[in-house]
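Visitor: Can you keep this structure in mind? I'll have questions shortly.
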Amino acid sequence: MSTSADAVSELLAAARPLIELALAEDVGPGDATSLATLEPGTQLHARIIAKAPGVIAGLPVVTSVFRHVDPDIAFTPYVQEGQAVIRGELIADVSGPGRSLLAAERTALNFLQRMSGIATETQKMVNAVATTGATILDTRKTVPGFRVLDKYAVRMGGGTNHRMSLYDMVLIKDNHIDGAGGITAAIGRARAAYPNLPIEVEVRDQDELREALHAVPPLDRILLDNMTTTQMRTAVELTAGRVPLEASGNVTLERVIDIAATGVDFISAGSLTHSVPALDISMKIGPTMVTDDSALAERARSAKAALGGRLVILGHHYQRDEITALSDFRGDSLQLAREAAQTDAEIIVFCGVHFMAEVAAILARPGQRVLIPDMTAGCYLADTATPQGVQTAWMALDAALGSADDQVTPITYVNSSAALKAFCGRHGGIVCTSGNADRVIQWALEQRPRFFFFPDQHLGANTALKLGVKHEDMLTWDEHHQPTAPSLRESRVYLWPGACNVHQRFRPDHVTSVRTRFPGIRVVAHPECRADVVALADESGSTARIIRLVEDSAPGSQWAVATESRMVYRLQREHPDHLIVPLADVPPFCSTMSQTTLANLTATLEALQNDELRNEVTVEPELAHWARVALERMLAL
Ligand code: SF4
């Protein structure tokens, strides 16, 4: 299990009585149907499969359910807690006495489906606000008795827990305020009675907010109850960062981005736990994963062998192990695209996400064709910046500065669409990677006094800070409230507000916590992480640099790594003399990288054997030309 041992122990302690209750309720004195239909010695294998895409949570509880029913049941998970799965993906193999297996099935799935449903809905909300500074919180609206399980599942989805219960925080709500005779009186009594507990106060309007802001010392948090987004924005302006603000009431997936755009710090959503749909998961008797996957891998290997030198398979570092095992090259996006272009292969199969296949198509030699096993595998970060959005910002810069083309160098991170790379090519701009962003920014500042960096605000800010640019010289573009012309003139670095929903999940408290758990451990953060995480880390760098740091360190070295979890686990397996752990308790996985599976890679290769080009990625010649111009400016540095 990927979560910390303490979190799993706490979860299992809370789950034990619930498991006993659920089994007593469901199985009682015995599963009549299984007892009647199966011979006592029958052994069965079953596969637990996701029937819908989602995020998995609750595997330790499922293991415990099976063990409660029969210690002879073997449960083998194939995914990690918090990992995104696609429809049809194998979650676990379970085998053992048939009667026990079927008796435990419903109870085990009920826990897994509910917890994974919560994690899935939480991740949707966390992803929706990933480009803002807002943190998604749960509430106490949990199923009675399931508080620890529900809140654990929220964490698996990337959310953050609000108070656990009534005893660990003072939250003064409207009824307390009315009963105490006002906000100030209620705060005074709470401070006198519980001086060590954090205090949050709920306010219903601006007058109550003003009163709450007068509290000395300042409150730990103020809750804006059921306000409109206009009222929230006014509250944010009035508060001016003095106290963290939480928005609550009627928080839906559709509305959450508008709420986050008001500038509130926290958003709590009762719907994450009180009315969440269960994730569709089933258990089917059948062969084990090992048999099936071996057969699929054998088919892929045989198709690859038949295609010989005509084919090259590229596997990004964040891919599944079974995919990298079949790849000719493993690496990051640009390195892979360049390596493929140096081969004689006619067909490049890029096991990665869409923008990576586009880069390979742009850099490919004439005649080379690029395929991707799943055409819908996009990149959350790349998708945060559209050509229209960037063009709008460019026009605002043009209006504010006289001529954007004279004043501003556009820089796009390689994790962006071909259209944005072409935009940079046309406007004298350039592409960068996480490994060369500092050299590229230095070059950009030699061309013109300002630069516009997209789509990753964190890579742009982290690199600019490293080069000595001050915070006050940077401006993050806000699509909802366009910056004024004077504020654009006062800044020299413009950041698109994009972020990677995987790297954005690392927080400063993860650094503190891992250093407590592993004294002396060194922390390395990918520069797509937030600036406050990078500032606390011992090292920062691209995937290539992270790998180099580990490889060059002495046996016995300890590393906590803030990047996609598959790469971190692989690093640990490949360096057994080191201790290498993910930085976060709930290590994040890239869900779109997960979309490449042994099944769709095999289908791609077998189609190729029949001369069928499936999922070809092409870039329009005009766009490809200008994108290449921007890429070549970078490669020439
Ligand atoms: S890890 Fe982040 S940047 Fe990389 S492909 Fe996934 S979403 Fe995109």
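The values are calculated or read from the model by the stated rules, or taken from the named source; none is laboratory data. These figures come from a predicted structure and were not determined experimentally. Cβ sites come from the backbone with ideal geometry, for glycine too, and all protein chains shown count toward neighbours. All accessible areas refer to the heavy atoms of the entire protein, side chains included, with ligands and DNA or RNA removed. Shrake-Rupley method; radii C 1.70, N 1.55, O 1.52, S 1.80 Å.
Visitor: Of all residues in region 405-435, which are crowded, with 24+ Cβ neighbours inside 10 Å, in a loop (DSSP other than H, G, I, E, B) and either of a type in the set (D, E, K, R) or away from the ligand (no atom under 14 Å from the Cβ) (or both)?
Guide: Hit for region 405-435 is Gly429, nothing else.
Visitor: In region 592-603, what residues are in contact with a strand residue (DSSP E or B) (Cβ under 7 Å, 6 or more places away or on another chain) and within 11 Å of Leu326 (Cβ to Cβ)?
Guide: Within region 592-603, Thr596, Leu601 meet the criteria.
Visitor: Quick one: in region 308-326, which of the residues that are within 16 Å of the ligand (Cβ to nearest atom) and free of Cβ contacts under 8 Å to residues at least 60 places away in the same chain is nearest to Tyr380 (Cα to Cα)?
Guide: Out of the qualifying residues, it is Gly315.
Visitor: Taking Arg530 as the residue in question, decide whether it is more than 15 Å from the chain's Cα centre (by Cα), under 20 Å from Ala437 (Cβ atoms) and within 16 Å of the ligand (Cβ to nearest atom).
Guide: Working: more than 15 Å from the chain's Cα centre (by Cα): no; under 20 Å from Ala437 (Cβ atoms): yes; within 16 Å of the ligand (Cβ to nearest atom): yes.
The answer is no for Arg530.
Visitor: Just the residues that are of a type outside the set (S, T, N, Q) and either part of a helix (DSSP H, G or I) or within 20 Å of the chain's Cα centre (by Cα) (or both), please, taken from region 262-275.
Guide: Going residue by residue through region 262-275, those that are of a type outside the set (S, T, N, Q) are 263-267, 269-270, 272, 274.
Matches in region 262-275: Asp265, Phe266, Ile267, Ala269, Leu272, His274.
Visitor: Tell me which residues, restricted to region 110-124, are in contact with a helix residue (DSSP H, G or I) (Cβ under 8 Å, 6 or more places away or on another chain) and surrounded by fewer than 21 Cβ atoms within 10 Å (Cβ to Cβ).
Guide: Within region 110-124, Asn110 is the sole residue that qualifies.
Visitor: In this structure, is Ala525 open to solvent by less than 60 Å² (accessible area, probe 1.4 Å) and away from the ligand (no atom under 16 Å from the Cβ)? Give the derivation first.
Guide: Details: open to solvent by less than 60 Å² (accessible area, probe 1.4 Å): yes; away from the ligand (no atom under 16 Å from the Cβ): no.
It is false that Ala525 is open to solvent by less than 60 Å² (accessible area, probe 1.4 Å) and away from the ligand (no atom under 16 Å from the Cβ).
Visitor: Output the number of residues of region 479-510 satisfying the condition of being open to solvent by less than 50 Å² (accessible area, probe 1.4 Å) and either of a type in the set (Val, Ile, Thr) or over 19 Å from Val533 (Cβ atoms) (or both).
Guide: From region 479-510, those open to solvent by less than 50 Å² (accessible area, probe 1.4 Å) are 483, 485, 487-488, 491, 493-506, 508, 510; that's our starting set.
Filter once more, keeping what is either of a type in the set (Val, Ile, Thr) or over 19 Å from Val533 (Cβ atoms) (or both): 483, 485, 487-488, 491, 493-494, 496, 502.
Here the count works out to 9.
Visitor: Any idea which of (1) touching a residue at least 40 places away in the same chain (Cβ under 8 Å); (2) away from the ligand (no atom under 14 Å from the Cβ); (3) in contact with a helix residue (DSSP H, G or I) (Cβ under 8 Å, 6 or more places away or on another chain) is the one Phe518 doesn't satisfy?
Guide: Here Phe518 clears every test but (3).
Visitor: Let me ask something additional. So, in region 456-511, of the ones that are of a type in the set (Lys, Arg) and either touching a helix residue (DSSP H, G or I) at 6+ places or on another chain (Cβ under 8 Å) or outside any loop (DSSP other than H, G, I, E, B) (or both), which residue ends up nearest to the ligand (Cβ to nearest atom)? Walk me through how you get there before you give the answer.
Guide: At the first step, the residues of region 456-511 found to be of a type in the set (Lys, Arg) are 466, 470, 489, 492, 505, 507.
Okay, now just the ones that are also either touching a helix residue (DSSP H, G or I) at 6+ places or on another chain (Cβ under 8 Å) or outside any loop (DSSP other than H, G, I, E, B) (or both), so 466, 489, 492, 505, 507.
On the way: Lys466: 20, Arg489: 32, Arg492: 26, Arg505: 10, Arg507: 16 Å.
Looking at the filtered set, the residue picked out is Arg505.
Visitor: Could you list, in sequence order, all residues of region 611-637 that are modelled with pLDDT of 95 or more and polar (S, T, N, Q)?
Guide: Thr618
Visitor: While we're looking at this one, here's another question. From the list Arg450, Arg426, Arg492, which one is of a type in the set (Lys, Arg) and over 25 Å from Ser540 (Cα atoms)?
Guide: Step by step, each of Arg450, Arg426, Arg492 is checked, and only Arg426 is of a type in the set (Lys, Arg) and over 25 Å from Ser540 (Cα atoms).
Visitor: Let me ask another. If you go through region 536-552 one residue at a time, do you hit one that is more than 18 Å from Gly435 (Cα to Cα) and open to solvent by less than 30 Å² (accessible area, probe 1.4 Å)?
Guide: Here is the first cut: in region 536-552, the ones more than 18 Å from Gly435 (Cα to Cα) are 536.
From what's left, open to solvent by less than 30 Å² (accessible area, probe 1.4 Å): none.
Checking region 536-552: not a single residue is more than 18 Å from Gly435 (Cα to Cα) and open to solvent by less than 30 Å² (accessible area, probe 1.4 Å).
Visitor: Looking at Pro29 and the list (1) in contact with a Ser or Thr (Cβ under 9 Å, 6 or more places away or on another chain); (2) without any contact (Cβ under 8 Å) to a residue 24 or more places away in the chain, which single condition is not satisfied?
Guide: (1)
Visitor: Arg545 - would you say it is among the basic types (Lys, Arg), under 22 Å from Ala461 (Cβ atoms) and either in a loop (DSSP other than H, G, I, E, B) or within 16 Å of the ligand (Cβ to nearest atom) (or both)? Give the derivation first.
Guide: Values: among the basic types (Lys, Arg): yes; under 22 Å from Ala461 (Cβ atoms): yes; either in a loop (DSSP other than H, G, I, E, B) or within 16 Å of the ligand (Cβ to nearest atom) (or both): yes.
For Arg545, the condition - among the basic types (Lys, Arg), under 22 Å from Ala461 (Cβ atoms) and either in a loop (DSSP other than H, G, I, E, B) or within 16 Å of the ligand (Cβ to nearest atom) (or both) - is met.
Visitor: Here is a list: Leu571, Leu605. Which entry is in a helix (DSSP H, G or I), crowded, with 24+ Cβ neighbours inside 10 Å and in contact (Cβ under 8 Å) with a residue 12 or more places away in the chain?
Guide: Values: Leu571 fails: crowded, with 24+ Cβ neighbours inside 10 Å.
Step by step, each of Leu571, Leu605 is checked, and only Leu605 is in a helix (DSSP H, G or I), crowded, with 24+ Cβ neighbours inside 10 Å and in contact (Cβ under 8 Å) with a residue 12 or more places away in the chain.
Visitor: Something else: In region 609-629, is there at least one residue being in a helix (DSSP H, G or I), among the basic types (Lys, Arg) and open to solvent by less than 70 Å² (accessible area, probe 1.4 Å)? Spell out how you get there, then give the answer.
Guide: To start, the set of residues in region 609-629 that are in a helix (DSSP H, G or I) comprises 609, 621-629.
The next check asks that each one be among the basic types (Lys, Arg); those that pass are 628.
Still in the list and also open to solvent by less than 70 Å² (accessible area, probe 1.4 Å): none.
Checked against the condition, which is being in a helix (DSSP H, G or I), among the basic types (Lys, Arg) and open to solvent by less than 70 Å² (accessible area, probe 1.4 Å), region 609-629 yields no hits at all.
Visitor: Does Ser513 meet the test of being at pLDDT 95 or above, hydroxyl-bearing (Ser, Thr, Tyr) and surrounded by fewer than 24 Cβ atoms within 10 Å (Cβ to Cβ)? Spell out the reasoning first.
Guide: Numbers: at pLDDT 95 or above: no; hydroxyl-bearing (Ser, Thr, Tyr): yes; surrounded by fewer than 24 Cβ atoms within 10 Å (Cβ to Cβ): yes.
No; evaluated as a whole, the condition is false for this residue.
Visitor: Tell me, which strands (runs of 3 or more DSSP E) wholly within region 1-98 include 1 or more residues that are aromatic (Phe, Trp, Tyr)?
Guide: Details: elements: 43-50, 74-77, 90-97.
Passing ranges, in order: 74-77.
Visitor: Pick from Pro555, Pro576, Pro587: which is touching a residue at least 40 places away in the same chain (Cβ under 8 Å) and not in a helix (DSSP H, G or I)?
Guide: Values: Pro555 fails: touching a residue at least 40 places away in the same chain (Cβ under 8 Å); Pro576 fails: touching a residue at least 40 places away in the same chain (Cβ under 8 Å).
After applying the criteria, what remains is Pro587.
Visitor: Another question about this same structure. Please enumerate the residues belonging to region 63-78 that are more than 20 Å from Ser34 (Cα to Cα) and not aromatic (Phe, Trp, Tyr). Step through it out loud before you land on a result.
Guide: If we filter region 63-78 for residues that are more than 20 Å from Ser34 (Cα to Cα), which is where we start, we get 63-64, 76-78.
Of everything in region 63-78, those that are more than 20 Å from Ser34 (Cα to Cα) and not aromatic (Phe, Trp, Tyr) turn out to be Thr63, Ser64, Thr76, Pro77.
Visitor: Is it the case that some residue within region 94-101 is of a type in the set (S, T, N, Q), out of contact with any Gly (no Cβ under 8 Å at 6 or more places or on another chain), touching a residue at least 60 places away in the same chain (Cβ under 8 Å) and within 30 Å of Thr252 (Cα to Cα)? Full working, then the answer.
Guide: Taking region 94-101 and keeping what is of a type in the set (S, T, N, Q), we get 95, 100.
Now narrow it down to the ones that are out of contact with any Gly (no Cβ under 8 Å at 6 or more places or on another chain): 95, 100.
Checking which are touching a residue at least 60 places away in the same chain (Cβ under 8 Å) leaves us with 95.
Those still in the list that are within 30 Å of Thr252 (Cα to Cα) too: none.
Looking for residues that are of a type in the set (S, T, N, Q), out of contact with any Gly (no Cβ under 8 Å at 6 or more places or on another chain), touching a residue at least 60 places away in the same chain (Cβ under 8 Å) and within 30 Å of Thr252 (Cα to Cα), one finds none in region 94-101, hence no.
Visitor: Just checking, how many residues over region 346-382 are within 16 Å of the ligand (Cβ to nearest atom) and not in a helix (DSSP H, G or I)?
Guide: Residues meeting the conditions: 12.
Visitor: Something else now. So Asn127 clears everything in (1) under 30 Å from Cys379 (Cα atoms); (2) at pLDDT 95 or above; (3) buried (at least 16 other Cβ atoms within 10 Å of the Cβ) except one condition, right? Which one?
Guide: Every listed condition holds for Asn127 apart from (2).
Visitor: To continue, here is another question. Please count how many residues of region 133-156 are within 26 Å of Val236 (Cβ to Cβ), part of a loop (DSSP other than H, G, I, E, B) and open to solvent by less than 60 Å² (accessible area, probe 1.4 Å). Full working, then the answer.
Guide: Applying the first criterion (within 26 Å of Val236 (Cβ to Cβ)) to region 133-156 yields 133-141, 154.
Still in the list and also part of a loop (DSSP other than H, G, I, E, B): 133-134, 138-141.
Filter once more, so that each one left must be open to solvent by less than 60 Å² (accessible area, probe 1.4 Å): 134, 138-139.
Residues flagged as within 26 Å of Val236 (Cβ to Cβ), part of a loop (DSSP other than H, G, I, E, B) and open to solvent by less than 60 Å² (accessible area, probe 1.4 Å) within region 133-156 amount to 3.
Visitor: Follow-up. Can you tell me which residue among Val533, Val523 is among the β-branched types (Val, Ile, Thr), closer than 22 Å to Met156 by Cβ and touching a helix residue (DSSP H, G or I) at 6+ places or on another chain (Cβ under 8 Å)?
Guide: On the way: Val523 fails: closer than 22 Å to Met156 by Cβ.
The unique qualifying residue is Val533.
Visitor: Here's another thing I want to ask about it. Among the candidates Thr37, Thr42, which residue alone is modelled with pLDDT under 90, within 16 Å of Ile285 (Cα to Cα) and surrounded by fewer than 18 Cβ atoms within 10 Å (Cβ to Cβ)? First the steps, then the outcome.
Guide: Values: Thr37 fails: modelled with pLDDT under 90.
Selected residue: Thr42, the only one of Thr37, Thr42 that is modelled with pLDDT under 90, within 16 Å of Ile285 (Cα to Cα) and surrounded by fewer than 18 Cβ atoms within 10 Å (Cβ to Cβ).
Visitor: Considering each residue of region 436-451, count those that are in a strand (DSSP E or B) and touching a residue at least 60 places away in the same chain (Cβ under 8 Å), and give that number.
Guide: Step one: of region 436-451, the residues in a strand (DSSP E or B) are 450-451.
Subset that is touching a residue at least 60 places away in the same chain (Cβ under 8 Å): none.
Residues in region 436-451 being in a strand (DSSP E or B) and touching a residue at least 60 places away in the same chain (Cβ under 8 Å): 0 in total.
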